[in-house]
Amino acid sequence: MRFRILLLALGTFAIGTDGFVIAGILPNIAHDLNISIALAGFLVTAFSLVYALGSPVLVALTSSITQQRLLLLTLSVFVLANVLAAVATSFFLLLIARMIAALSAALYTPSALTVATALVPNEKRGQALSLVTAGLTIASVVGVPLGILMSTQLNWRTTFLLVALLGVIAFVGILTLFPSVANQSAILLGKRLALLRQPAIVITLANTTVWAMGGYIVYTYLSSLLEHLTHLQGASISIMFLLFGLTGMIGTM
């Protein structure tokens, strides 16, 4: 059972790496596609907006699809999106690939959490959820520095191929080892949005939004900032992102 949950966590690890690693390879992308760092940064903006706005809508629209099929569908799209990103020859094509990847990620994460809780007894659900979400945390510590190092030694396109490979492994594991999981009762979009009528939730979301804006604006341009101010390159930047991820994990704990 734990192995199956770890497979779900591998999917979130791939998604986390895909979402965060682009910050470390942004200068390489900008240089290769002959665009400014500011324009390249819009790849992060587009991914984030599509993920945030798409997740509640897509989850509501796909509530009739079985969870195993939904996981396989989202991973398939995720893999194809990253392959498309790896071969993109223009900013527009790369932007489209990032938006498609965001849509698949926005569906995979809540589906993986749902399946994880269905695989274990009630008293083990907290542990199952923590294992799946740990994939996102570990991505910032392991996946991002590894992706940056690959980009340095080879090129930025291999980073997206690495993410696609992780998605393929998770896909094969879920296809062969997962039982059919019954769907939970659908929660309509209106009911989800009704939570925004509660002041405590609005205040919490606003606080989290302000924190995320401050943290991830710096994170997105951290690689460029390090190159400009400290003249660090390649492996040194990878180490800095490793330290960033480690301190974030310590803070979470």
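The values are calculated or read from the model by the stated rules, or taken from the named source; none is laboratory data. Since the model is a prediction, treat every value here as computed from it, not as a measurement. Using ideal geometry, Cβ is built from the backbone for each residue, glycine included, and neighbour counts are taken over all protein chains shown. Protein only, heavy atoms only, side chains kept; ligands, DNA and RNA dropped before computing areas. Shrake-Rupley method; radii C 1.70, N 1.55, O 1.52, S 1.80 Å.
Just from its helices, what would the mean residue ellipticity at 222 nm be for the chain, if runs of 4 or more DSSP H residues each count -39500 (n - 2.57) and the sum is divided by every residue, rounded to the nearest 500 deg cm²/dmol?
Calculated mean residue ellipticity at 222 nm is -28000 deg cm²/dmol.
On average, how much accessible surface per residue is there in the range 99-253, in Å², for a 1.4 Å probe, leaving out ligands, DNA and RNA?
57
Can you name the helices of the chain, as whole DSSP H runs, whose Cα span along the helix axis is 15 Å or more and whose Kyte-Doolittle mean is not below 1.0?
Details: long enough: 2-33 (43 Å, 1.18); 37-61 (36 Å, 2.11); 67-87 (30 Å, 1.67); 91-119 (41 Å, 1.74); 125-138 (20 Å, 0.91); 156-177 (33 Å, 2.06); 199-220 (30 Å, 1.14); 235-252 (26 Å, 1.77).
The qualifying helices are 2-33, 37-61, 67-87, 91-119, 156-177, 199-220, 235-252.
Using a 1.4 Å probe on the protein heavy atoms only, what accessible surface does residue 230 show? Give it in Å² to the nearest 10.
For residue 230, the solvent-accessible surface is approximately 70 Å².
Put +1 on the Cβ of every Lys and Arg and -1 on every Asp and Glu Cβ in the chain; which of 128, 8, 234 then has its Cα farthest towards the positive end of the dipole?
After comparing all options, I get 128.
Contour minus end-to-end for residue 207 and residue 142, with contour as 0.36 nm per residue of separation and end-to-end as the Cα-Cα distance?
Full-extension gain reported as 20.6 nm.
Remind me, relative contact order of the chain in percent, using alpha carbon pairs under 8 angstrom and six or more residues apart?
Relative contact order, the chain: 35 percent.
Tell me the per residue accessible area of the range 1-63 using a 1.4 Å probe; a whole number in Å² is fine. Could the numbers behind the result be given before it?
Values: 2630 Å² over 63 residues.
Counting only protein heavy atoms, the per-residue value for the range 1-63 is 42 Å².
Would you calculate the convex hull of the Cα atoms in the chain and tell me its volume per residue in Å³?
132
So, with a 1.4 angstrom probe, what is the percent of accessible area on the chain that is carbon and sulfur?
Carbon and sulfur together cover 72 percent of it.
Could I have the simple spin-label model distance between residue 90 and residue 46, label points 7 Å from Cα toward Cβ, reported in nm to one decimal?
If labels sit at residue 90 and residue 46, their model points lie 1.1 nm apart.
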